[in-house]
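Beneath this line is the structure, given in structure tokens, with notes to follow.
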Amino acid sequence: MLPLMFVALADTVIAPPAELNTIYVHEWGAVTFAEEIVIGAAPSSDPIKDFTTHNEMDELVSRAPVVYFYGASIQGTFTVTVPSGRFIETWPVPGELISIAPLQMYNSSRAKWTISGTSWGEPGINDISPGSDQLSFSPEILNIWRRPPSLPLEFADGAREKFIYYECALTPQSSNDFYPAILTDEGTVLDPGYHGELMRFIKLDGEVILNPIAGRYITRRELQQATEYGDIHETLCSWAGGTMKSDEISAMWSTWEDWIYSGSWSGNTLVVFPLSDETVERMSSITLETSGEHEIEYSRFYVGIISI
């Protein structure tokens, strides 16, 4: 995994003394527009298993949305609503997971976590939710997601964790629901009229290389050296509009780096690009309701990934 070695990126201000009643909710994630399963389906022991028949390999999947909380101590309920889709996996296990549109042509689901308080200590293996004794991702990924200095949380079932994670399969209602990704009969493509930012990874001579916007292809070793000065992290931070903490950007990139450079994705080209706030809100909504009067600020940053 690449170390975070740049200092120029400004972190989001976290609860200055004049704003001790503010809670900051940060979320990052990715949407894969391909058949690959990067982080698999929910464990069979999980009570959400009825929602996880992941047989449709052409589904769009919201991968690894990880949610962090900063600022004031929390007691309340965190809710994720997927208006057109279903949950595949969660961590910790939510206190409530229901289908909210059972009579419609498509699934619509909601998950709720009850946060009983703020814990002052690092979560451990004995602090997980009952029924979550199996994971589809490695303990190393879990530790990566725990690196940001977020509030350690206590949940109603006794679980303790520094974040909330969920993954869901999405059912689009139109071809441009995930713009600039366009859904066609031949597969998902990037809108030919899209002139926004992107990163393009290409398989060449047995390795995966990055074609940076600035010019020539560079090898992974060159990229690693360049990243020591923050190049790829600065790109992601720029896409996020400075709303995410540098440790969150680092965790996001570390989650995807090995998969990208393994070249196990289909096709010869992988395109990574930022998704707009409007696109993200069409996929899902997040809400934090607390027992006290708090100002709550939300920051959500997603990228799209297309293999062609």
Name the pairs whose Cβ atoms lie under 8 Å apart, with the first residue in the stretch 259-284 and of a type in the set (G, A, S), the second open to solvent by 70 Å² or more (accessible area, probe 1.4 Å), and 6 or more positions between them or separate chains?
G263/E207; S266/E35; G267/I308; S276/Y179
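Against the condition open to solvent by 20 Å² or more (accessible area, probe 1.4 Å), modelled with pLDDT under 90, more than 25 Å from S84 (Cα to Cα) and aliphatic (A, V, I, L, M), how does I98 come out, does it pass?
Values: open to solvent by 20 Å² or more (accessible area, probe 1.4 Å): yes; modelled with pLDDT under 90: yes; more than 25 Å from S84 (Cα to Cα): no; aliphatic (A, V, I, L, M): yes.
It is false that I98 is open to solvent by 20 Å² or more (accessible area, probe 1.4 Å), modelled with pLDDT under 90, more than 25 Å from S84 (Cα to Cα) and aliphatic (A, V, I, L, M).
With respect to A181, is the statement that it is within 14 Å of I115 (Cα to Cα) and at pLDDT below 95 true? Walk me through it before giving the result.
Details: within 14 Å of I115 (Cα to Cα): no; at pLDDT below 95: yes.
So A181 does not fit the description; no.
Filtering the stretch 65-95 down to residues that are part of a loop (DSSP other than H, G, I, E, B) and small (G, A, S), which residue is surrounded by the fewest Cβ atoms within 10 Å (Cβ to Cβ)? So that I can check it myself, show each step before the final result.
The initial filter retains those residues of the stretch 65-95 that are part of a loop (DSSP other than H, G, I, E, B), namely 72-75, 83-84, 92-95.
Next cut, small (G, A, S) only: 72-73, 84, 95.
Values: A72: 19, S73: 17, S84: 21, G95: 15.
Top of the filtered list is G95.
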Please list, ordered by first then second residue, the pairs with beta carbon atoms under 9 Å, 6 or more apart or interchain, first in the stretch 162-182 and closer than 23 Å to L198 by Cβ and part of a strand (DSSP E or B), second polar (S, T, N, Q) and open to solvent by 10 Å² or more (accessible area, probe 1.4 Å).
L170/S84; A181/T188; I182/S175; I182/N176; I182/T188
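Do we have S136 as modelled with pLDDT of 85 or more, under 18 Å from the mean Cα position of the chain (by Cα) and under 20 Å from A64 (Cβ atoms) here?
On the way: modelled with pLDDT of 85 or more: no; under 18 Å from the mean Cα position of the chain (by Cα): yes; under 20 Å from A64 (Cβ atoms): yes.
Spelling it out, it is not the case that S136 is modelled with pLDDT of 85 or more, under 18 Å from the mean Cα position of the chain (by Cα) and under 20 Å from A64 (Cβ atoms).
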Just to be sure, is Y302 open to solvent by 10 Å² or more (accessible area, probe 1.4 Å), at pLDDT 90 or above and assigned to a strand (DSSP E or B)?
no
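Answer yes or no as to whether W265 is of a type in the set (A, V, I, L, M, F, W, C), more than 26 Å from S99 (Cβ to Cβ) and part of a loop (DSSP other than H, G, I, E, B).
Working: of a type in the set (A, V, I, L, M, F, W, C): yes; more than 26 Å from S99 (Cβ to Cβ): yes; part of a loop (DSSP other than H, G, I, E, B): yes.
Considered against the rule, which asks whether it is of a type in the set (A, V, I, L, M, F, W, C), more than 26 Å from S99 (Cβ to Cβ) and part of a loop (DSSP other than H, G, I, E, B), W265 comes out as yes.
The values are calculated or read from the model by the stated rules, or taken from the named source; none is laboratory data. On a predicted model such as this, the values are computed, not experimentally measured, just so you know. Here Cβ is always computed from backbone atoms with ideal geometry, including for glycine, and neighbour counts include all displayed protein chains. Surface accessibility is based on the protein's heavy atoms, side chains included, excluding ligands, DNA and RNA. Shrake-Rupley method; radii C 1.70, N 1.55, O 1.52, S 1.80 Å.
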